[in-house]
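Step one of this worksheet: look at the structure below.
The values are calculated or read from the model by the stated rules, or taken from the named source; none is laboratory data. Note that the coordinates shown come from a computational prediction; the quantities given were computed from them, not determined experimentally. Cβ sites come from the backbone with ideal geometry, for glycine too, and all protein chains shown count toward neighbours. Surface accessibility is based on the protein's heavy atoms, side chains included, excluding ligands, DNA and RNA. Shrake-Rupley method; radii C 1.70, N 1.55, O 1.52, S 1.80 Å.
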Amino acid sequence: MKIPRQLAMILLGLTIAAQIATPAWLVGRLEWLRCNGEEVLVPCQAFDPYDPLRGRYVTINPGLDLLPVKEGAVIEQGDEYYLRAAPDDEGVYRFVDASVVPPEGEPYLTLTARRWTSSDGSVRPQLPFRRYYMNEAMAPEAELVYRDAVRQMRKNDEKRVELRLRVRNGRGAVDGILIDGRPIEEFIKEAGAE
């Protein structure tokens, strides 16, 4: 069966348009979230691996402590649940508790339980964010800045390393790594200026 040339060209055009539209939609959705999401800070650890296929990026390990589950609900492995973010004393949003019902009027992140609720009614969230992509030339320097911050933390200089997320309607996107409330890129630029 032979397909008419005009129909083949239309199908080819639609295929090309779909291949361009799909990644554009994914990138656009994340950029919209970064622009319109509520900023939520999460403590993290970071290090800089090198992957020849993906380039340089900062691997992040968000570290959340046990969070209480509202209304004493039980979260089983595989269940969907919601992390609610609320402002602390300084007005900075942080994740404060988990629920089986999406919170109304407050930023939240939708997760799937990889572990069950502990016996005391709390859950240890495992956030899906593992990488922070940045300029390849900056990634090795970011590792040095991070290590210096960790050394200072150990000397009780109280430096905080945090992951800045943008959260809205259950979705989240990584927006940066902060050291003492400043983007890691600022520390890198300062180190390069010296």
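Of all the listed residues (Val92, Val150), the sole one being modelled with pLDDT of 75 or more and closer than 30 Å to Lys189 by Cβ is Val92.
Return yes or no: is Glu71 surrounded by 12 or more Cβ atoms within 10 Å (Cβ to Cβ), in contact with a Ser or Thr (Cβ under 8 Å, 6 or more places away or on another chain) and farther than 17 Å from Phe129 by Cβ? Before you say what the answer is, go through the steps one by one.
Numbers: surrounded by 12 or more Cβ atoms within 10 Å (Cβ to Cβ): no; in contact with a Ser or Thr (Cβ under 8 Å, 6 or more places away or on another chain): yes; farther than 17 Å from Phe129 by Cβ: yes.
Judged against the criteria, Glu71 is not a match.
Entry remark, region 25-47: residues being open to solvent by 60 Å² or more (accessible area, probe 1.4 Å) and part of a helix (DSSP H, G or I) number 10 in total. Considering every residue within region 131-147, establish whether at least one is at pLDDT 85 or above and open to solvent by less than 20 Å² (accessible area, probe 1.4 Å). The answer is no, given that none of the residues of region 131-147 is at pLDDT 85 or above and open to solvent by less than 20 Å² (accessible area, probe 1.4 Å).
Of the residues in region 161-178, none is at pLDDT below 85 and charged (D, E, K, R).
Taking first residues from region 93-110 that are under 12 Å from Gly170 (Cα atoms) and partners that are acidic (Asp, Glu) and part of a strand (DSSP E or B), the Cβ contacts under 8 Å between residues at least 6 apart in sequence or on separate chains come to Pro107/Glu38; Thr110/Glu80.
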